[in-house]
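Before any comments, here is the structure.
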Amino acid sequence: MYDNIRVCDVEKYYGNDSNVTKAIDRVSFTVERGEFVGVMGASGSGKTTLLNMLATIDRVTSGHIFYGDTDITELKDEKLSDFRKENLGFVFQDYNLLDTLTMEENIVLALTIRKEGKAEIQRKCGEIMRILGIEEIKNKFPYQVSGGQKQRCACARALVNRPRLLLADEPTGALDSRSAQTLLETFTDMNHSLNATILMVTHDAFSASYCSRILFLKDGRIFHELVRGKKERRVFLNEILDVLSLTGGELSDAR
Amino acid sequence: MLGKLAVRNVKRSAKDYLVYVITMMLVTALMFAFNSILFSPDIRRRIDMAGIMTAMIGLATFFIVIIVAWLINYMVRFMLEKRSREFGTYLLLGMKKKEIARLYMRENVIMGMGAFIAGMAMGVLLQQMIMAVLYTMLQENYHLKLQFNRWCILMTVCCYGGCYVLALFRCKRRFKKMNIRDLMDAGNKNEEVKESHERVKQWLLPLSLVFLIFFGVWLFFGAALFGGWNGGTVIGFLVGLILVIYLFYIGLSSFIICYIRRGGALIYKGQNLFLLRQLSSKIRTMWFTMGTLTSLFTIAFLGCTVAMMFSDYQSKALEDKFPFDVQINSPDVEYDFSEEIQILNEYTEVKDIYPYYICENGTDQVNVWLRTHLRCFGTMYRKGGKEDAEADLEKIRNTDDGSYCRFDTYMKLSDYNYLRKMLGYQEISLKADEYALHIKNRVYRETGDFAGHLTVEGDAGELKFAGYHMESFSQDGHNGGDYVIVVPDESAGNLRPYYKELVADLKGRAPAGLADRLDDIGRDDEVYGHLDMAGDLDDEIEEDEEMVPNSCFGTDQIIVYAAVNLVRDNLIPEVKYMLSAIVFPCFYLGFVFVCVALTVLSVQQLSDSAKYKFRYDILRKIGLRKNEVAAAVAKQLFLYYLCPAVFAAGIAGTVAIFISGKFIFYTGISTSVFQYFGVSFLLFFGIYGLYFAATYAGFQRNITLHTRYELL
């Protein structure tokens, strides 16, 4: 059974023989079911690359990624899309909503390509829109609503299929602080009520403070890990800020 | 520096808009090739009526210049919009608007010149092909020969340049209104789907379709249902048709939107929701362009259909029209054709020559029957113009429309059989109390057996009808108009000679210019080889009651060649050339229009594929396989391309089948009404397929290129 996600010794190189960039350098970690994990790091630290590999959009140079017993690094292209369709949900900074479709239709499309029946689609779609509070705007087009609403719609689309893992790449990056807070609360809710597993990439400490565990990346390596445990969010935020204040210096300073 | 930049930009644009560049090359090639027909010295020397071709190609060129100018203008505006960010950057760097405008103009001119030069090279090849076709028509051998007539090149340059001048006329103004912020933002703007009053607007779709059905009914049954067409209804329908072509797209878009809103079953299957939304939003923003493209396609279809009709006529009917090598008419029954025979003997090798009479007996029952029963006359010759009314004999006898002679035309069996033998048909035999009818196939197909309505008197009372003959028999006024009654010699004592004919069978081909020599004899009763209908004869009738008009052309329409002296080998090339004056420009027009319209469609889609590639990435991210995305792209392109093509095919098909029907009816050619449009349709979809394939390949490349780029 799929219970956890294991990243084992993953490496990713870019470039050719003469000029190789190591984007990810032997990274290993595990995400347990129902966890809300954050990945933090400065620009160029490799956090989006890591997310893309988990999202099966990018391939590893070496190493393995296991979803339960399935090693996705061994899957062929065709199988990968099926895997993506069945197991993953995405939320991106720029929403990635189809601009020609209304809010509701964006969610419906994600269901129709899984070949579900009309009644089932309508039921699921109605339910997730109610949970995320976007029922009133379901007939609006993306350009007609606020960024926060768009991002909630993207969340609804990602979650409507009950994915094994929700991948979020800077989901609050384009939002104002109020919308960002609402969205993060939504994430926490979903994490608790739907028992959704979430992996969020962010460079914003405030956003990260909503996570239950945070991995810090620097130059393609994990150099630190914070676990929230039973701590207050405010306390956890301070801990994160402490770590971040050190990342400006040498790696050794952080340790 | 600006020059260098311009050249580099041109290289990039040429790559991005390859379809456009290729179309411009094609247009140049076509212009050059068709213009060279006008300036070919051989043709000018050979053909008396070369002016017709000049006029027709000139007319086609006029419309082509306008449409190509529209394409250039469209593309210039389009590229400007796509490159607005780049121009914004130039402004930001401190370039003046004037300089940017000049740079952009220079780029366009360089690109245009490049396409022109490459197009001329293609044009030379095309010229050889067109010339070969034309020379075959004129029954002459064509030797490959590059013709670089100065005037032809100049004319091509002028036409092409004219397109650019027209297109770039107001372009500079666009730069004046520019503002950096707008320019930088323009590229980032997504399409805003504005929906309002969709429920009302969706009715435009059924309304347009109803109008089209009504239009079809009016076209085919208008004369019967609404008591004929008049100028008002024709203009009304044409204006309606143009409106409908445009409004159809607003209706279609709204209809799709309403269907999606209703939650129709189709949207819950696969990527249909995505495709329908794509289609409706694209049509919504592009409805005007789509309407224009539909009009272009419709005109192209019709042009091609007309070209097909006349070219079919060329290949099928012309040989039938002139079965005899030489045939000469004289309204004077005393005339002995001595001068003509002398010329024939002098310039040709005569195998057989035969003079004979076409006779009359003072009756006109066949003429009356045909005039009251053929559809081309309608109820014109019935009393009061009413159906089922009696024949208006007075009107028939006073008419001079030239279809039929004053009296019915007869022939003696011996003459008839002699001619049949000459043409290689089997001779017929008639008993002393029988008669036969030689009638045009076309007329017979319409009338059916009408011998029961006729009473033909021989010397010893009424003759019995013994059958129809329908081989080609020169019945456009020589051996009667439409028909001739054949009676046995022994029963022909009551017939009087009506007019005289001479036919000749030649060994080998008639030399060029033989018809001219015969015309040059210049008999009193003809004008430039054609019977003088208007002048002298009328005067003579007044002077001499016995003399009645004895010339006719039959009821063939659209293509009628009536002349006193028919020399087949001279005539066929001449007529073919005249028909080519319709066929060539129609093809020319159709081809350019299709290419222009397809270029616009293609460029639209390709630039969308670059601008909106994120849509396809999203599809992949939400779990579509690569081949599923490719299938979605194919479907989207297919729908988008098919929309204007199918709509135009529907309109043009209706009209084409209608005019084909008329053409077949009036010319008597035996072809299915669907053939002309069918062939045009296939030709169209051949070109269409090429553009579609090119666009599809480009589209796929654009959206996959992005993914690779994103990964790196």
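Side notes on the structure shown:
- Under-5 Å amide H pairs with A:D71, H placed in peptide plane, nonlocal only: none
- Counting only residues at least eight positions apart within a chain, or on another chain, the lysines with an alpha carbon under 18 Å from that of B:K11 are B:K82.
- Projecting the Cα atoms of B:V333, B:L370, B:Y357 onto the charge dipole of segment B:327-401, computed from C-beta unit charges around the Cα centre, puts B:L370 farthest toward the positive end.
- Eigenvalues of the alpha-carbon gyration tensor of chain A, scaled by 5 and square-rooted, set the equivalent ellipsoid semi-axes at 30, 23, 17 angstrom, largest first.
- The HN-Hα couplings worked out from phi for segment B:260-266 by the Karplus form 6.51 cos²θ - 1.76 cosθ + 1.60 (θ = phi - 60°) are 5, 4, 5, x, x, 4, 4 Hz, whole numbers, x standing for Gly and Pro.
- Peptide A:82-88 is shielded by partner chain Cβ atoms: per residue, an average of 3 of them sit within 10 Å of its Cβ.
- Taking amide H atoms as placed 1.01 Å from N in the peptide plane, the amide H of B:F465 lies under 5 Å from those of B:Y435, each 5 or more residues away in sequence or on another chain.
- Only one residue of B:I245, B:V629, B:T294 has its Cα farthest out toward the positive end of the dipole of the protein assembly as shown, where Lys and Arg carry +1 and Asp and Glu -1 on Cβ, and that residue is B:V629.
- Label-point separation, B:W203 to B:K176 (7 Å along Cα→Cβ), nm: 4.4
- Those residues of segment B:310-342 whose amide nitrogen sits under 16 Å from the label point placed on B:N441, 7 Å along Cα→Cβ: B:312-324
- Chain B: C-alpha gyration tensor shape, a/c 1.5 cut-off, then a/b vs b/c: prolate
- GNM top mover of A:D204, A:D242, A:D169 - chain A, alpha-carbon springs below 10 Å: A:D242
- Long-range HN-HN contacts of A:I24 with modeled amide H, under 5 Å: A:K12
- In this structure, the residue pairs whose Cα-Cα separation is over 27 Å, taken from B:K412/B:K464; B:K194/B:K626; A:K140/B:K201; B:K316/B:K507; A:K85/B:K635; B:K316/B:K440, are B:K194/B:K626.
- Scalar couplings 3J(HN,Hα) for segment A:9-18, obtained by applying the Karplus form with A = 6.51, B = -1.76, C = 1.60 to θ = phi - 60°, are 6, 7, 10, 9, 10, 10, x, 10, 3, 6 Hz; x denotes Gly and Pro.
- Using Cβ point charges alone (K and R +1, D and E -1), the dipole size of segment A:4-254 about the Cα centre works out to roughly 660 debye.
- Three-way shape label, segment B:399-470, alpha-carbon gyration tensor, a/c 1.5: rounded
- Gain upon complete extension [B:E471, B:I213; 0.36 nm per residue less C-alpha separation]: 88.9 nm
- Furthest towards positive pole of dipole, B:A432, B:F614, B:T695, structure part chain B, Cβ charges: B:F614
- Dipole magnitude (debye, nearest 20) for segment B:1-189, charges at Cβ of Lys, Arg, Asp, Glu: 1160
- Inter-label distance, nm, simple model (7 Å from Cα along the C-beta direction), B:C376/B:E394: 2.7
- Where labels lie 7 Å past Cα in the beta-carbon direction, separation of B:R8 and A:K118 in nm: 5.7
- The stretch between B:D489 and B:V679, if pulled fully straight at 0.36 nm per residue, gains 63.5 nm over its current Cα-Cα span.
- Counting only DSSP beta bridges with both residues in the protein assembly as shown, the antiparallel share comes to about 70 percent.
- Taking a sphere under 14 Å around the Cβ of B:F220 and counting the other residues whose Cβ falls inside, with K and R at +1 and D and E at -1, yields a net charge of +2.
- Ignoring lysines fewer than eight residues from A:K22 along the same chain, the ones with Cα atoms less than 16 angstrom from its Cα are A:K12, A:K47, A:K218.
- The overall shape of the protein assembly as shown, judged from the alpha-carbon gyration tensor, is prolate: a/c is not under 1.5, and a/b is greater than b/c.
- Cβ-derived FRET efficiency at R0 51 Å, A:E135 paired with A:R26, nearest 0.05: 0.65
- In chain B, the calculated helix contribution to ellipticity at 222 nm averages -22000 deg cm²/dmol per residue, counting -39,500 (n - 2.57) for every DSSP H run with n ≥ 4.
- Structure-based [θ]222 nm, chain A - -39500 (n - 2.57) summed over DSSP H runs of at least 4, per residue, nearest 500: -11500 deg cm²/dmol
- Here the extension length gained between B:S315 and B:Q365 equals 14.5 nm, from 0.36 nm per residue of separation less the Cα-Cα distance.
- In segment B:324-395, GluC sites (Glu not before Pro) in a DSSP loop with at most 13 other beta-carbon atoms within 10 Å: B:E334, B:E387, B:E390
- Estimated FRET transfer efficiency (B:F288, B:L154; beta-carbon r; R0 45 Å; 0.05): 0.80
Every read-out reported here was derived from the displayed coordinates using simple, explicitly stated rules and does not represent laboratory data. These numbers were taken from a predicted model, which means no experiment stands behind them. Heads up, the Cβs are rebuilt from the backbone with ideal geometry, glycines too, and the neighbour counts pull from every protein chain shown.
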